[in-house]
Amino acid sequence: MVASRIKNQELSFHHLLFTVPEMVSLRQICFLLLLVFGSAFTTGCLEDGLPRSLKRAEALTHKGEFEAAIQILKQFVKDNPFNPAGHLKLGEAYELTDQTRKSIAEFREAISLLASRPKEQVEARINIVRAYLKVGDRKRAHLQLRAILRSNPSESVLLQVAGYVTNTYQTIQLTQGKSDNYSPAFSPDGRQIAFSSYRLDNGEIYLMDLTGRIRQRVTFSTDFNETTPVFLRDPNYLLYCRQPRTSRQITVTLQGSGSTRFFAGIYVSHIYNKTVQELLPIKLGVRAPSASLSGDQVLYESNLDGNLEIYRIDLRNQNLGQIGQVESERLTHSEKSDDGTPRYFPAEERIIFVAARDNVHQLYSLDVGKKGPSMEKQILKSNYDCYNPVISPDGRQIAFVAARDGDIEIYMMNADGTDVRQITNGIGISIHPTFSPDGSKLAFVSDRTDSFHIYLMDLNQPKTATVLAQYLRNL
């Protein structure tokens, strides 16, 4: 592709060589060459066919060896000052090491070098938007976003743009009032959402439909807070976490800590006849339960052994009406760090969870379906904390919470950790994402109206370029 393009442009190249003034500078000559050869000097979308040194720097970055990568990239930029890919990669490396001002300078240079190719400018503009927001320069960030919208961007780019200024998809608020509402969970048929609400001076579990209308109260325990409801294989049964009510305020936890002792147990209630069963007593300190797609295996976190670890309960051979106390299987053994908020992948052979291996909360997966040593894999390597991961029903997407650029918002990415994009943006924080059974909707919690409320995002209705442009004009 590159060779044929150069051959076709040979005539105009020679014409330029014979018409360049004698006093022209080397920088001007190189810039003229860049205009003629276009992407023959760079890369398609700045990624395909990267020079060997850029690939080496990229590999070092993935390993977390940022300083070594930066040295290679600085030398590449020195030797190839008119290659926008070098400036872009160096800017990304600076951003990963919190050298934001330096990253902005590199992204600016990449944007300038790609002036004749607005489509390829988009990647550099997206990067500089993130950097501007990180240093609080919203005005320049919004100018770059407007420039992206003028370039007739693709749908995937529109989704990224939306994430920086508003919710990426059409979103409605389900719960109302001044009380806090949190921990949403879809019913297996996708028609109802179970959630916790602090509307009666303690946390209780309720059911509502997808318009926000309350259908039923499930728990009735004035001395406890019930949180994190989970539907089991029989949707008439809800499993949840119960802990003593110690004040008139509710604490919404992003990630537990093994160093802080807490008291919480796991219980099961029948939605209609109100029978309650204790599976794990409060003294054990268990939280963040979640169920497999089949609803008969339950994961949870506990700091019973001095740090936060992940455990599993197998309910496949249990009568849900008469479970009683159960035995648990410990899945993680990371004595030097906390492992928590586990979720199953749809096939139930792997789980995703959060761990702070290097003092940064990151997302990991663990094989749990086979006997023998379990294989742990880091899904996303970043310099910011990640929490609350959930897997889409088809196993292709992961939604999670990231504490990034001074804000706490929900992001989405492919299951292999690629194509990370922000999907919520608003005053306050957004947490507790959960997919509907068909994967078309995402419920989440946000305090953008001062109280924590539950919102419903339609993943089939992305914001259009027209809507985003109007939104930016109003900022």
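Of all residues in segment 325-338, none are buried (at least 20 other Cβ atoms within 10 Å of the Cβ), of a type in the set (S, T, N, Q) and closer than 22 Å to Thr434 by Cα.
Every residue, every condition in (1) assigned to a strand (DSSP E or B); (2) farther than 28 Å from Gly369 by Cα; (3) at pLDDT 90 or above, yes or no:
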{"position": "Thr219", "(1), (2), (3)": "no, yes, yes"}
{"position": "Val230", "(1), (2), (3)": "yes, no, yes"}
{"position": "Tyr240", "(1), (2), (3)": "yes, no, yes"}
{"position": "Thr246", "(1), (2), (3)": "no, yes, no"}
{"position": "Val252", "(1), (2), (3)": "no, yes, no"}
{"position": "Gln255", "(1), (2), (3)": "no, no, no"}
{"position": "Thr260", "(1), (2), (3)": "no, yes, no"}
{"position": "Leu299", "(1), (2), (3)": "yes, no, yes"}
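Within segment 65-76, residues that are touching a residue at least 12 places away in the same chain (Cβ under 8 Å) reach partners that are among the polar types (S, T, N, Q) and outside any helix (DSSP H, G or I) with beta carbons closer than 8 Å, at six or more positions or on different chains, in the pairs Phe66/Thr97; Glu67/Thr97; Ile70/Thr97; Phe76/Asn83. In a residue-by-residue description of segment 126-144, the property of being acidic (Asp, Glu) and either surrounded by 16 or more Cβ atoms within 10 Å (Cβ to Cβ) or without any contact (Cβ under 8 Å) to a residue 12 or more places away in the chain (or both) applies to at least one position. Scan segment 274-297 for residues that are over 22 Å from Tyr344 (Cα atoms), assigned to a loop (DSSP other than H, G, I, E, B) and not polar (S, T, N, Q) and jot them down. Once the filter is applied, which keeps residues that are over 22 Å from Tyr344 (Cα atoms), assigned to a loop (DSSP other than H, G, I, E, B) and not polar (S, T, N, Q), segment 274-297 yields Lys274, Pro281. Considered as a group, the residues in segment 105-115 that are assigned to a helix (DSSP H, G or I) and over 25 Å from the mean Cα position of the chain (by Cα) include one that is surrounded by the fewest Cβ atoms within 10 Å (Cβ to Cβ), and that residue is Ser112. Among the numbered conditions (1) modelled with pLDDT of 90 or more; (2) under 27 Å from Thr228 (Cβ atoms); (3) not assigned by TED's automatic domain parsing to the domain that holds Val401, the only one that Glu204 does not meet is (3). Against the conditions (1) out of contact with any Phe, Trp or Tyr (no Cβ under 8 Å at 6 or more places or on another chain); (2) in contact (Cβ under 8 Å) with a residue 12 or more places away in the chain, Val165 satisfies every one except (1). In summary, Val354 fulfils each of the numbered conditions (1) within 30 Å of Leu60 (Cβ to Cβ); (2) of a type in the set (A, V, I, L, M, F, W, C); (3) surrounded by fewer than 21 Cβ atoms within 10 Å (Cβ to Cβ) with the single exception of condition (3). Screening segment 116-208 for strands (runs of 3 or more DSSP E) wholly inside it with 2 or more residues that are within 21 Å of the chain's Cα centre (by Cα) returns the ranges 169-173, 181-186. State which residue is surrounded by the fewest Cβ atoms within 10 Å (Cβ to Cβ) when the search covers only segment 308-324 and only residues that are outside any loop (DSSP other than H, G, I, E, B) and of a type in the set (D, E, K, R). Top of the filtered list is Asp314.
The values are calculated or read from the model by the stated rules, or taken from the named source; none is laboratory data. Model, not experiment: these values are computed from the prediction. Virtual Cβ from ideal backbone geometry, glycine too; neighbours counted across all protein chains shown.
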